[in-house]
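These notes concern the structure reproduced below.
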Amino acid sequence: MTDKPILFTVGSQLQLPLWKPLSETYRLAFLSTLAFQTAEQLGIQDAIALESYSTIDRTETAKSRGFWLASIIGDAIANQELILDPDIPELTYPGIGHWLPAFAMDQIIGTMMRILTAAAALGGNRGAGVLVHEDVMPEGRGMAMFGKSEGLPTLHLPHANHFVSGYDDIHSKVTSEYIGARGTYMRDWYKERGIPDDKITLVGAPHWDILYKEETRPSREHSRRALGLDQDDLVLCYGTTWAQSTAVWGEGQDDLFHNYLLMLKAAKEMKAKLIVKVHPGSALSYDANYQKMMIKHGVPGIITRKYNEYCLAASDCLISQGSSNLAVESTVAGTPVVELFQCSTRFPDWIKGTWGDELVDLIKEAIEEGPNIEFARAMNHDNDGNATERCLDWIRELCPL
């Protein structure tokens, strides 16, 4: 038992600035074991790892439920009562039977284990609420559904601005009751998808607060020294993306490297040094491929998946491969942005973009004009570096003691 109510969370590193101050009020229960270990390193003594409540009995219960529900799905498929799309063999009988029951069983077992361990951790203790960074994937959605079943407030602090307008995507399905929006753009995006205005609060992104403070924001001079770049170099940063398979028009590996060739051509023409900031969701093999192509085309530079703040501070311009939150971070850090278009998502009109033909001209224009502050303010309320305090106030208000 504890005198602190339990606040459940998946454990996104983007919310790390909140953990220490929240631990003064709540006992934090982490779904992510890595997040729990990080919390312990921060000196949070009473954090809970939900994995520690994983017992043999609970595992067997989850497996039994998963097998039972998968059997029901298998029977429905065999009886041709379950057809996801009659025009696609893999989504109708018998093709769907080759993969859906096993896939469903895995998902059910995982979800059941998360719910059973969370319920065991709650036990006879008081629950304060559930805080997630996404609520569409099994982890976040399962935690939000658990919170609702226990009558706890469910809070969603979205991990990203969703640069999709005019139609719905996977994030349009909202499970949590409350949303802490990064800015007016995100607020309006969710309002367009039916979320009531009184369920959305403007808070900003806590993990970007360090970019507003001189003592935590690296300087251009220091960043260039750290990355081995000369102070008088023209430096461009290329923010890559990952090969997506979540949409019909998702980018494949060939599409990604086609855009990279356009970037290499522009960098060579401008006699610039190039920082290739590899998307953390990309396959590990991409790093070597980017490097080989860079050497082949005679463009000097570096390849890295880390050090966002140093890469951006050292650069004269960020070229974003499609829409990315790296562009928001870049603008906050004072580095202008150009979008190299790809299918699917797109930045709002604050950011100039091209399919490639005008890339050099747009880079020159962006450097001359500087970062678009209106874009930063719309994406990160109120472009002031006070998101952490607003988030803490929001959580404490909705999850009272």
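The values are calculated or read from the model by the stated rules, or taken from the named source; none is laboratory data. Values in this document were obtained by computation on a predicted structure and should not be read as measured data. Quick reminder, even Gly has a Cβ in these numbers, built from the backbone with ideal geometry, and neighbours come from all protein chains shown.
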Query raised in the report: Going by the conditions given, is Pro348 under 30 Å from Gly151 (Cβ atoms), modelled with pLDDT under 95 and of a type outside the set (Ser, Thr, Tyr)?
Result: no
Query raised in the report: Taking the condition assigned by TED's automatic domain parsing to the domain that holds His279 and polar (S, T, N, Q), does Thr184 pass?
Result: no
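Looking for something over 30 Å from Ile395 (Cβ atoms) and not hydrophobic (A, V, I, L, M, F, W, C) - is there at least one such residue anywhere in region 106-128?
Yes: one or more hits.
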**Report entry** Enumeration of residues in region 254-287 that are at pLDDT below 85 and in contact with a helix residue (DSSP H, G or I) (Cβ under 9 Å, 6 or more places away or on another chain)
**Finding:** Leu256, Phe257, Ser282, Ala283
Report task. Tell me, please, whether a residue that is outside any strand (DSSP E or B) and at pLDDT 95 or above can be found in region 234-251. Result -> yes
Report task. Please specify each residue of region 278-305 satisfying the condition of being in a helix (DSSP H, G or I) and either under 21 Å from Lys265 (Cβ atoms) or among the β-branched types (Val, Ile, Thr) (or both). Result -> Tyr286, Asp287, Ala288, Asn289, Tyr290, Gln291, Lys292, Met293, Met294, Ile295, Lys296
Query raised in the report: Consider Ser320 against the criteria (1) under 20 Å from the mean Cα position of the chain (by Cα); (2) under 29 Å from Trp19 (Cα atoms); (3) at pLDDT 95 or above: it satisfies all of them except one. Which criterion is unmet?
Result: (2)
Query raised in the report: Considering only region 28-49, how many residues are under 21 Å from Arg141 (Cα atoms), surrounded by fewer than 21 Cβ atoms within 10 Å (Cβ to Cβ) and either in contact (Cβ under 8 Å) with a residue 60 or more places away in the chain or of a type in the set (S, T, N, Q) (or both)?
Result: 2
Report summary line: The residue from Ala118, Ala76, Ala70, Ala102 that alone is in the same structural domain as Lys148 (by TED's automatic domain parsing) and not aromatic (Phe, Trp, Tyr) is Ala118
Query raised in the report: Looking at region 262-294, which of its residues are surrounded by fewer than 14 Cβ atoms within 10 Å (Cβ to Cβ) and under 28 Å from the mean Cα position of the chain (by Cα)?
Result: Pro280, Gly281, Ala283, Leu284, Ser285, Ala288
**Report entry** Single unsatisfied condition, Leu18 versus (1) assigned by TED's automatic domain parsing to the domain that holds Gly147; (2) surrounded by fewer than 20 Cβ atoms within 10 Å (Cβ to Cβ)
**Finding:** (2)
Report task. Please verify whether region 68-84 includes one or more residues that are aromatic (Phe, Trp, Tyr), in a helix (DSSP H, G or I) and loosely packed, with under 14 Cβ neighbours inside 10 Å. Result -> yes
**Report entry** Complete set of residues in region 370-401 that are more than 22 Å from the chain's Cα centre (by Cα) and under 21 Å from Lys213 (Cβ atoms)
**Finding:** Gly370, Pro371, Ile373, Asp393
Query raised in the report: Considering only residues of region 175-194 that are crowded, with 21+ Cβ neighbours inside 10 Å and of a type in the set (Gly, Ala, Ser), which is farthest from Leu152 (Cα to Cα)?
Result: Gly183
Report summary line: Restricting region 328-371 to residues that are among the hydrophobic types (A, V, I, L, M, F, W, C) and assigned to a strand (DSSP E or B), the one surrounded by the fewest Cβ atoms within 10 Å (Cβ to Cβ) turns out to be Leu340
